[in-house]
Amino acid sequence: MTFTDDRQHPWGRPERVLGAPLGINFLLAQSDAAAVQVQHVTAFPTGFEFQVVAYAVLTEEVNVWDPMFGLAGLRGREGKDPYDLADDVLRFSVEFSDGSRAHNLRPPMGPRPGETRYLEPGQGGAVRSEDGTSWTTESTFWVWPLPSPGEVTFVCEWPEFGIEETRHHIDAQLILDAARLATPILPRKPGDPPLRRAY
């Protein structure tokens with residue numbers, strides 16, 4: 001099966017490919033003030049994507065949380081070292097059995113030497129509850145390449161909201177098998193003219 005891919009960079013989610021869903025949804029971590037869920041795991045020929053949903057309850061101790069800093073893992077608050085990591089930032093990573101790892105902790109500029117690669121963020125959003133006491137925030141992340149055989153481990157930690165480092169393992173073979181079921185869409189034939197840019 002041939003997949004057409006006009007991306008200029010190899011690390012993005014493939015275009016014109018319908019991914020194969022795995023039906024994997026799980027509560028990764030929970031405290032009295034927060035919960036982190038992983039859902040909609042979908043495999044592609046070159047990697048996989050999933051959605052993280054974070055629920056944060058505001059309390060007397062924690063009465064401010066900016067979701068823009070939350071799942072994006074942004075660092076570099078005003079007046080702080082750009083590599084300082086505030087306790088309200090949700091730390092999230094995916095680890096493969098071969099030791100490779102990708103995380104969401106993105107500094108404002110390039111990575112510090114020796115840091116692992118980033119999870120590539122996709123669509124997301126945040127909604128505050130009607131009474132203003134909680135946030136529900138979600139973001140889709142892209143992981144590439146496909147995992148090595150063994151376990152894929154999802155890891156999170158959220159100190160401000162009482163979540164210590166928590167891990168959840170799934171069998172990488174589930175992703176590898178699903179990746180073979182991905183379906184090309186809008187196929188292009190050899191000799192077709194280049195696609196016109198939308199803008």
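Any read-out appearing in this document is the output of simple, stated calculations on the displayed coordinates, not a laboratory observation. Note that the structure is a prediction, hence the values are computed from the model and not measured. FYI the Cβ positions are ideal-geometry reconstructions off the backbone, even for glycines, and counts take in every protein chain you see.
Any idea which of THR166, PRO145, GLY132 is furthest toward the positive side of the dipole for segment 121-166, if Lys and Arg beta-carbons carry +1 and Asp and Glu beta-carbons -1? So the residue furthest toward the plus end is PRO145. Using the Karplus relation 6.51 cos²θ - 1.76 cosθ + 1.60 with θ = phi - 60°, the per-residue 3J(HN,Hα) values for segment 17-29 come to 9, 8, x, 9, x, 9, x, 9, 9, 8, 7, 6, 7 Hz, with x marking Gly and Pro.
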